[in-house]
Ligand code: NAD
Ligand code: MG
């Protein structure tokens with residue numbers, strides 16, 4: 001039987017996940033067509049991708065680059081329609097141009113387009129974890145209400161999705177499931193103490209030992225906030241109570257995560273650290289397709305190590321658990337403060353150890369806030385950014 005062709009919108013096409021997604025799509029021209037591509041401001045890269053993939057539409061989020069995009073597409077003789085701005089991103093994510101949306105924008109900037117895809121009942125390949133952290137309850141509600149699908153792309157959540165009984169969304173609350181175990185590589189500073197961490201640079205923080213990723217998530221991996229965001233993401237995707245989520249440091253990043261059952265069984269998903277596995281899984285699910293990933297050679301690896309996380313040197317993981325227990329609004333504050341802190345660190349306006357301090361201060365200032373609707377969540381996100389910027393300037 002000929003497989004159905006999926007029409008795929010790749011939001012964040014110029015990023016690390018976008019690149020891996022397009023690699024998998026290009027391997028299967030009979031199954032997938034990239035119909036919508038988007039970028040924030042790298043307009044030349046976007047035009048180049050349009051030459052290769054010939055999508056129906058291209059969106060540049062930065063509206064000042066619209067004319068460059070339009071003229072570039074025309075000059076290349078492409079029929080691809082040029083669009084600009086965040087509203088266009090959401091409109092296209094929810095449009096008939098696609099049935100599948102790869103949510104690979106970084107940060108809360110990806111929230112609106114992810115929600116638009118949910119409301120239009122799309123299959124969402126969800127890499128944009130910040131959208132879940134900012135508005136997990138709302139997103140899961142919209143997915144259920146509109147018959148959308150989520151296949152998590154974050155490697156840990158993709159692993160858990162594969163190890164849980166189906167339907168996997170919400171399945172951690174089912175009888176028989178005891179715990180979700182999220183693995184963490186520990187990042188480039190695993191084993192370091194606070195004294196050594198005081199002077200680390202953005203270059204050191206972005207040099208991840210196992211994964212090649214965008215700069216924001218690389219810093220998050222170095223602080224362990226990435227794992228904190230993932231704990232919150234797992235809570236919403238799988239309906240797992242905070243006390244049933246555990247983090248285990250596993251330096252080799254081969255075991256992507258595990259599910260423990262009440263009978264003592266522990267199911268894990270293993271593979272080489274390459275995001276194309278999760279993306280191919282999400283694109284073809286429930287089928288399996290070639291992803292271009294090297295087979296796992298266990299005897300060459302020889303050993304797999306596991307250890308507890310060091311919460312003294314890396315307090316961000318604890319801050320995320322604290323926010324999760326405090327209620328949904330606190331996670332929105334945590335994410336916004338982290339985005340500001342990471343950006344300041346990357347611009348050398350803040351030290352590495354100032355990242356958790358800034359987030360803790362924002363949580364103290366705004367933890368009692370309430371926010372449920374999208375408008376309230378976005379307003380709280382904006383306030384938390386203001387509080388964080390004001391503290392940085394002080
Ligand atoms: P990246 O920085 O490499 O790419 C980000 C993409 O988003 C780019 O295409 C950029 O143009 C676009 N973008 C950035 N800001 C935008 C804005 N304001 N409006 C519209 N578009 C914008 O990041 P990445 O590493 O590909 O990560 C993307 C997302 O996937 C993040 O949420 C990250 O946490 C998640 N993720 C990434 C990996 C990985 O291996 N890279 C693994 C798991 C999860
Ligand atoms: Mg991950």
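Things to note:
Here's the yes/no breakdown for (1) in contact with a helix residue (DSSP H, G or I) (Cβ under 6 Å, 6 or more places away or on another chain); (2) within 25 Å of residue 322 (Cα to Cα); (3) surrounded by fewer than 16 Cβ atoms within 10 Å (Cβ to Cβ):
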site	(1), (2), (3)
193	no, yes, yes
203	no, no, yes
218	no, yes, no
222	yes, yes, no
246	no, yes, yes
254	no, no, no
266	no, no, yes
269	yes, no, no
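- Where helices (runs of 4 or more DSSP H) fall wholly inside region 1-100, the ranges with 2 or more residues that are crowded, with 16+ Cβ neighbours inside 10 Å and in contact (Cβ under 8 Å) with a residue 40 or more places away in the chain are 16-27, 86-93.
- A single entry from 320, 329, 351 fulfils the requirement of being out of contact with any strand residue (DSSP E or B) (no Cβ under 7 Å at 6 or more places or on another chain), closer than 26 Å to residue 206 by Cβ and buried (at least 16 other Cβ atoms within 10 Å of the Cβ): 320.
- Restricting attention to region 101-124, the residues being within 16 Å of ligand 2 (Cβ to nearest atom) and either part of a helix (DSSP H, G or I) or free of Cβ contacts under 8 Å to residues at least 40 places away in the same chain (or both) number 1.
- In region 134-251, counting only helices (runs of 4 or more DSSP H) that sit wholly within it, the ones holding 3 or more residues that are touching a strand residue (DSSP E or B) at 6+ places or on another chain (Cβ under 6 Å) and within 29 Å of residue 100 (Cβ to Cβ) span 155-163, 225-238.
Values in this text are rule-based calculations from the coordinates and carry no lab data. It should be emphasised that the depicted structure is a prediction, and the values quoted were computed from it without experimental measurement. Quick reminder, even Gly has a Cβ in these numbers, built from the backbone with ideal geometry, and neighbours come from all protein chains shown.
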